[in-house]
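The values are calculated or read from the model by the stated rules, or taken from the named source; none is laboratory data. This structure is a prediction, so every number in the text was calculated from the model and none was measured. Heads up, the Cβs are rebuilt from the backbone with ideal geometry, glycines too, and the neighbour counts pull from every protein chain shown.
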Amino acid sequence: MPNSPLRQLKETDFLAKGSERHVFTLDDSGRVLVKVMRSKYLRKIRMVDDRSFFGWLKIRRAYALFRREQKALSDVMLRAAIREDMPPVLSFRGYILTEKGLGQLVETIRDADGKVAPSLSEQLQAGPLTPSQIDALNEFASRIYDWHVVAHDLGPKNIVWNAEDGRYILVDGFGDRSIIPLKTWNRRLNNRRLDRAFREMAETSGLDWDRAERRFRHG
């Protein structure tokens with residue numbers, strides 16, 4: 001049976017570059033994004049034999065980020081199925097094979113004009129948040145705790161405004177990076193990590209975080 005051709009990701013579809021991945025739009029509609037690992041993570045596995053034990057370990061390590069995120073998102077979506085509610089994270093659409101390696105498919109969040117939605121970081125750079133934006137950010141924080149979302153990077157650049165639903169959602173930085181995923185197993189430990197993440201966000205963004213109430217105060 002012939003192999004399926006790999007999806008070619010065009011440079012004209014390049015959207016963003018992170019410390020670990022590159023992001024491309026998948027088609028002209030721009031409704032789906034594909035995330036691929038940067039080449040520095042894949043060089044060591046280009047000639048690796050996946051049939052060997054150590055070769056397979058190298059491959060798993062190269063794609064450890066994908067596997068951690070998949071686990072975290074799967075747990076959140078299980079809660080969504082029980083609660084019959086949309087979680088405070090983006091939708092995962094599966095995987096695709098590309099010439100740049102395995103690609104992770106996710107939904108694109110758009111603003112009211114159909115453009116790529118602004119991140120919280122971009123909103124903060126544009127000026128102080130409005131009272132309604134702070135209220136929406138507090139709703140986001142409350143849901144992140146309630147849904148037991150495990151996130152290793154809860155920075156403003158990973159939080160995006162979903163104009164269609166009128167809410168903030170987390171689009172990146174999921175997953176427990178510990179060898180023993182205690183935050184995944186224990187809500188209290190994860191809440192402590194979230195406390196620290198929101199406090200750090202406030203300190204670097206000029207926001208005012210109430211530790212006791214777990215809310216951002218209005219300026």
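Taken over the range 57-79, the residue count meeting the criterion of being farther than 19 Å from GLU20 by Cα, of a type in the set (A, V, I, L, M) and touching a residue at least 40 places away in the same chain (Cβ under 8 Å) is 1.
Based on what the data block shows, is ASP27 modelled with pLDDT under 85, acidic (Asp, Glu) and loosely packed, with under 12 Cβ neighbours inside 10 Å? Judged against the criteria, ASP27 is a match.
In the set (1) of a type in the set (Val, Ile, Thr); (2) within 27 Å of ARG83 (Cα to Cα); (3) surrounded by fewer than 16 Cβ atoms within 10 Å (Cβ to Cβ), ILE134 fails one condition alone, (3). Right, SER119: within 14 Å of the chain's Cα centre (by Cα) and either closer than 29 Å to GLY94 by Cα or crowded, with 18+ Cβ neighbours inside 10 Å (or both) or not? Yes; evaluated as a whole, the condition is true for this residue.
In summary, GLY94 fulfils each of the numbered conditions (1) surrounded by fewer than 17 Cβ atoms within 10 Å (Cβ to Cβ); (2) under 22 Å from LYS157 (Cα atoms); (3) in contact with a Leu (Cβ under 7 Å, 6 or more places away or on another chain); (4) not basic (Lys, Arg) with the single exception of condition (2).
Does any residue of the range 146-158 turn out to be assigned to a helix (DSSP H, G or I), of a type in the set (Lys, Arg) and more than 14 Å from LEU120 (Cβ to Cβ)?
Just the residues of the range 146-158 that are assigned to a helix (DSSP H, G or I), to begin with: 146, 156-158.
Next, from what is left, pick out any that are of a type in the set (Lys, Arg): 157.
Add one more test, that the residue is more than 14 Å from LEU120 (Cβ to Cβ), and what stays is none.
Checking the range 146-158: not a single residue is assigned to a helix (DSSP H, G or I), of a type in the set (Lys, Arg) and more than 14 Å from LEU120 (Cβ to Cβ).
Against the list (1) touching a residue at least 60 places away in the same chain (Cβ under 8 Å); (2) over 15 Å from PHE140 (Cβ atoms); (3) surrounded by fewer than 18 Cβ atoms within 10 Å (Cβ to Cβ), the condition ARG167 fails is (2). The residue that is nearest to the chain's Cα centre (by Cα), counting only those in the range 174-193 that are outside any strand (DSSP E or B) and crowded, with 20+ Cβ neighbours inside 10 Å, is GLY175. When the range 88-110 is filtered for residues that are over 26 Å from HIS148 (Cβ atoms), touching a strand residue (DSSP E or B) at 6+ places or on another chain (Cβ under 7 Å) and in a loop (DSSP other than H, G, I, E, B), only LYS100 remains.
Each row is one residue, and each column tells you yes or no for (1) within 19 Å of ARG79 (Cβ to Cβ); (2) hydroxyl-bearing (Ser, Thr, Tyr); (3) not assigned by TED's automatic domain parsing to the domain that holds GLY94.
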residue	(1), (2), (3)
ALA126	no, no, yes
ILE134	no, no, yes
PHE140	yes, no, yes
GLY155	no, no, yes
ASP165	yes, no, yes
ILE169	yes, no, yes
PHE174	yes, no, yes
SER178	no, yes, yes
LYS183	yes, no, yes
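So ILE82 ticks every box in (1) of a type in the set (A, V, I, L, M, F, W, C); (2) in contact with a helix residue (DSSP H, G or I) (Cβ under 8 Å, 6 or more places away or on another chain); (3) loosely packed, with under 14 Cβ neighbours inside 10 Å but one. Which box is left unticked? So ILE82 meets the others, but not (2).
Find the residue count for the range 206-216, including only residues that are touching a helix residue (DSSP H, G or I) at 6+ places or on another chain (Cβ under 8 Å) and under 19 Å from TYR145 (Cβ atoms). Quick ask: steps written out before the conclusion?
First pass over the range 206-216, keeping only residues touching a helix residue (DSSP H, G or I) at 6+ places or on another chain (Cβ under 8 Å): 206-209, 211, 214-216.
From what is left, the residues that are under 19 Å from TYR145 (Cβ atoms) are 207-209, 211, 214-216.
Residues flagged as touching a helix residue (DSSP H, G or I) at 6+ places or on another chain (Cβ under 8 Å) and under 19 Å from TYR145 (Cβ atoms) within the range 206-216 amount to 7.
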